[in-house]
Structure formats: C-alpha cells, structure tokens
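The values are calculated or read from the model by the stated rules, or taken from the named source; none is laboratory data. Since the structure is predicted, the reported quantities are computational estimates derived from the model, not experimental observations. Positions of Cβ are backbone-derived with ideal geometry, glycine not excepted, and every protein chain shown enters the neighbour counts. For the accessible areas, the whole protein counts, side chains as well, though only heavy atoms, and no ligand, DNA or RNA atoms are used. Shrake-Rupley method; radii C 1.70, N 1.55, O 1.52, S 1.80 Å.
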Amino acid sequence: MEISVELTLSPLQDTYEQPIIDFIKKLRNSGLKVLENPLSTQVYGDYDSVMNVLYDEMKIALEATERGVLYIKIVKSNRSEYVPHF
C-alpha cells in the first residue's frame with residue numbers, strides 16, 4: 001500500500017531551527033521520496049518503508065526538543081506526482 005505523509009515539527013523553544021534541520025536531513029537520507037516546502041515536509045512510498053523510517057526518526061526528533069509538537073497527516077495513496085488542475 002502506498003502512502004503520502006505530511007509532517008510538521010514545531011519545537012516550542014527558543015532554539016527551534018536545529019531540531020527541524022536534523023529531522024529533515026535524516027528524512028532526506030532515508031532513501032524515500034521527500035519533498036519540502038516552508039510549512040511542512042512530505043514523505044512518499046510504501047506504507048511499511050515509510051512508517052519504519054518515521055518510527056525511529058520521529059522519536060529522535062521529539063527527544064531532541066525540550067517541548068514540541070509533531071503534526072502528521074497520512075493519505076492512502078502516493079500523491080507525489082500530484083499536479084493542480086487549475
């Protein structure tokens with residue numbers, strides 16, 4: 001089963017940039033398709049492959065923050081090739 005995952009890591013602390021940068025770099029190095037924009041990061045692929053990577057990396061990212069919020073949305077389909085029709 002293919003999925004698309006949207007992630008937004010929001011550390012609730014003054015030094016918020018480095019945990020976000022580290023999280024994104026690890027996702028980039030995972031071998032999965034990763035797309036980024038200023039508000040979120042999207043990861044695409046097979047459910048098991050994506051969730052295995054996210055299981056470890058989400059925990060590491062949260063442990064690297066004093067306080068934080070990690071938003072996650074999962075869509076059942078690979079939307080990486082989506083092109084707006086308007």
**Asked** Within the set of pairs 6+ apart or on separate chains, which have a first residue in the range 1-18 that is over 23 Å from Met51 (Cβ atoms), a second that is surrounded by fewer than 17 Cβ atoms within 10 Å (Cβ to Cβ), and C-beta atoms under 7 Å apart?
**Response** Leu12/Arg67; Leu12/Val69; Gln13/Glu66; Gln13/Arg67
**Item:** Residue, farthest from Val69 (Cα to Cα), within the range 6-23, restricted to residues that are in contact with a Gly (Cβ under 9 Å, 6 or more places away or on another chain) and not in a loop (DSSP other than H, G, I, E, B)
**Value:** Pro19
**Message:** Tell me whether the range 1-16 contains one or more residues that are at pLDDT 95 or above, of a type in the set (Asp, Glu) and open to solvent by less than 50 Å² (accessible area, probe 1.4 Å).
**Reply:** no
**Prompt:** Could we say that Leu39 is among the hydrophobic types (A, V, I, L, M, F, W, C), in contact with a Ser or Thr (Cβ under 8 Å, 6 or more places away or on another chain), open to solvent by less than 90 Å² (accessible area, probe 1.4 Å) and not in a helix (DSSP H, G or I) here?
**Reply:** no
**Request:** Can you tell me which residue among Glu57, Glu66, Glu36, Glu6 is of a type outside the set (Ser, Thr, Tyr) and more than 11 Å from the chain's Cα centre (by Cα)?
**Result:** Glu66
**Request:** Check whether at least one residue in the range 52-62 is in contact with an Asp or Glu (Cβ under 6 Å, 6 or more places away or on another chain), part of a helix (DSSP H, G or I) and within 26 Å of Met1 (Cα to Cα), and report yes or no.
**Result:** no
**Message:** Just to be sure before I move on: is Lys26 open to solvent by 80 Å² or more (accessible area, probe 1.4 Å), outside any loop (DSSP other than H, G, I, E, B) and in contact with an Asp or Glu (Cβ under 9 Å, 6 or more places away or on another chain) in the structure I sent?
**Reply:** yes
**Prompt:** Given the structure, is Asn78 open to solvent by less than 90 Å² (accessible area, probe 1.4 Å) and touching a residue at least 60 places away in the same chain (Cβ under 8 Å)?
**Reply:** yes
